[in-house]
1. Roll a 1.4 Å probe over the protein chains and send me the accessible area per residue for the chain in Å².
2. Could you give the length gained by full extension between ASP81 and ARG43, i.e. 0.36 nm per residue of separation minus their alpha carbon distance, to one decimal place?
3. Of the candidates LEU19, LEU108, LEU40, which one comes out as most mobile in a Gaussian network treatment of the chain with C-alpha springs shorter than 10 Å?
4. So how much accessible area does SER44 have, in Å² to the nearest 10, using a 1.4 Å probe?
5. Please go through the range 55-85 and write out the GluC sites (Glu not before Pro) that DSSP classes as loop and that have at most 10 other C-beta atoms within 10 Å.
6. Could I have the simple spin-label model distance between VAL29 and THR62, label points 7 Å from Cα toward Cβ, reported in nm to one decimal?
7. Take the chain, connect every pair of alpha-carbon atoms lying under 10 Å apart with a spring to form a Gaussian network, then pick out the residue of ALA28, ALA51, ALA96 with the largest mean-square fluctuation.
8. Given the DSSP H assignment, sum -39500 (n - 2.57) over each helix run of at least 4 residues in the chain and divide by its residue total; what's the result at 222 nm in deg cm²/dmol, nearest 500?
Amino acid sequence: MAPERRRHDRYRFWIPIELRIDGTLRPAVGHDMSRRGALLVCRSEIAVDTAVALRFELPPGTGRMREIDGVVRRSGPNEADPTGLWPVEVGVEFSASHPSLDADLKQLMSTLGAGTAGTE
């Protein structure tokens, strides 16, 4: 078994995300997020090493929009829904760490009565 490399708490929840790639907007859904990255599901594959920007409202319903730059580190079939609306899973590494995002994620999970999905 490979040693665990994750260092930051990951939070599992669903949130609509606007994904920008070379000026083109694509819908996606955030599935798992930390201060350093996110796991998204989307409609089509995105090549590894593609620069992206994620735009989303956090906490939901507050009007506080975040835009975070990152790079696709993996892209492949969404094993949980391979023929559904979101058949592709994409792992994004953020270009920088976002400690304030971590605080907002913790607050959201507390509001939802949920915990973390592990560490990243």
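1. Spelled out: the 1.4 Å probe surface of the chain, per residue, equals 57 Å².
2. Stretched out fully, the ASP81 to ARG43 stretch lengthens by 12.6 nm.
3. Among LEU19, LEU108, LEU40, the largest mean-square fluctuation in the Gaussian network model of the chain belongs to LEU108.
4. Its heavy atoms expose roughly 50 Å² to the probe.
5. GLU79
6. A separation of 2.3 nm, rounded to one decimal place.
7. The residue that fluctuates most here is ALA96.
8. -4000 deg cm²/dmol
The values are calculated or read from the model by the stated rules, or taken from the named source; none is laboratory data. All of these numbers come straight from a predicted model, not from anything done at the bench. Cβ atoms come from the backbone with ideal geometry, glycine included; neighbour counts cover every protein chain shown. Heads up: the accessible areas ignore ligands, DNA and RNA and are worked out on the full protein's heavy atoms, side chains in. Shrake-Rupley method; radii C 1.70, N 1.55, O 1.52, S 1.80 Å.
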